[in-house]
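The values are calculated or read from the model by the stated rules, or taken from the named source; none is laboratory data. Being a predicted model, the structure only gives us computed values, none of them experimental. Heads up, the Cβs are rebuilt from the backbone with ideal geometry, glycines too, and the neighbour counts pull from every protein chain shown. Remember, those area values only see protein heavy atoms, side chains included, never the ligands or the DNA or RNA. Shrake-Rupley method; radii C 1.70, N 1.55, O 1.52, S 1.80 Å.
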Amino acid sequence: MEKNLLTKKFYLDLLDRISSIRICENFISKFYHENEMKTPMHMSKGEELVISSAVLIFGKKSKYFGYYRSHALYLSLINDIKSFFGEMYGKSIGENSGITGSMHILNPKKNLMSVSAIVSSTIGPAVGSAYASFLNKSKNIIVSFFGDGATEQGVFHEALNFSSLKNLPIIFICLNNKLAVDVKLQERQSYKIKKLVKSYDIKYYEIKSFEINKVSKTYLDAKKYILKNKKPVFIEAHYHRHLQHIGLKTDFEKNSNIFERQNYRSINEHKKNLKKDPYLLIINLIKKIYGEKFINNYISKKEKTIAKIIQKVKKSKVVNFKKILINHK
Ligand SMILES: Cc1ncc(C[n+]2csc(CCOP(=O)(O)OP(=O)(O)O)c2C)c(N)n1
Ligand SMILES: [Mg+2]
């Protein structure tokens, strides 16, 4: 794939992942009010492209550590819709037998090592895993995703320092939406992320969530750099968070501000950013290559398939906690 990265096949793979994420999240929005999914939702809307491209380029053999905004990472890497909704609905067919829900869905056997509700808590384990890879002279790359807010935690600075000092094979990807819940980046950070990363002597790249080709090319460069130089890489990935911090509404609907303050961000900026929605962009790109009929059929077929899976999941058994406890004794 590396010689001709931007092939039709690559764009189709991107469409596959991005559409899975968006369609699954649209169904979460549709059914959540029924109160059968007993798990808080931190939605991925907006971050689909930067996450799915990373997974396609760094590959299934790399080890991934993420955060509570987990849907894009799970569906990019594992893409098992039944196990995904099984987990959201707390069913025994869920990826983790229905006990982890949205914020902790993982599968270490498939290299989704950990995601967590605690801000920045998977960065340390990611560095530990990179250190193991270094000691074992393994070719495994470790990918650590986190938000801009996580860069304010002490462990983040220790992670950059240690990885740089020991030349660890780790790619840090900061998913920068310039928000931590409802607090803007400039109200929280006295430093510039780029300057800080460079001060640790770590190779730095910057991407924006709507630049399909640039995102992929940057990831490819980052991969080459890490394999050649055996040193860490940092990628600041800017994206627009479409929805509330937790929940399914935008910040601009009536009664949407349950968790966040009111009117803390601009509706005009929001509308401007929605025009660069990665889902629309990939759809338009595929439309140009394969035509309107192809993309319309593709999306409607996928929506129908996912809708059927959800109905089956809903009818399946809930998790048997007693059995799980006995199995873990
Ligand atoms: C250690 C810790 N402190 C505070 C919180 C509460 N909290 C949950 S999400 C969040 C914002 C984090 O923002 P960011 O890292 O930018 O990620 P985003 O939600 O924007 O994707 C905060 C403060 C937490 N979960 N863990
Ligand atoms: Mg943020």
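Taking ILE118 as meeting all but one of (1) within 16 Å of ligand 2 (Cβ to nearest atom); (2) in contact (Cβ under 8 Å) with a residue 24 or more places away in the chain; (3) open to solvent by 10 Å² or more (accessible area, probe 1.4 Å), write down the number of the exception.
(2)
Residue by residue through the range 255-295, note down the ones that are assigned to a loop (DSSP other than H, G, I, E, B), more than 17 Å from SER44 (Cα to Cα) and of a type in the set (Asp, Glu).
Listed by number, the list holds a single entry, GLU260.
Of all the residues that make up the range 224-252, how many are open to solvent by 30 Å² or more (accessible area, probe 1.4 Å) and either away from ligand 1 (no atom under 16 Å from the Cβ) or among the acidic types (Asp, Glu) (or both)?
8
For residues that are within 24 Å of SER216 (Cβ to Cβ) and at pLDDT 95 or above, scanning just the range 137-150, find the one that is farthest from ligand 1 (Cβ to nearest atom).
Residue satisfying both the conditions and the ranking: ILE141.
Yes or no, residue by residue, for (1) in contact with a Lys or Arg (Cβ under 8 Å, 6 or more places away or on another chain); (2) within 16 Å of ligand 1 (Cβ to nearest atom):
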position: GLU158; (1), (2): no, yes
position: PHE162; (1), (2): no, no
position: PRO169; (1), (2): yes, no
position: GLN189; (1), (2): no, yes
position: LYS203; (1), (2): yes, no
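Regarding the range 301-314, can at least one residue be identified that is surrounded by fewer than 16 Cβ atoms within 10 Å (Cβ to Cβ) and not in a helix (DSSP H, G or I)?
no
Pick from LEU160, LEU168, LEU135: which is without any contact (Cβ under 8 Å) to a residue 12 or more places away in the chain and of a type in the set (A, V, I, L, M)?
After applying the criteria, what remains is LEU135.
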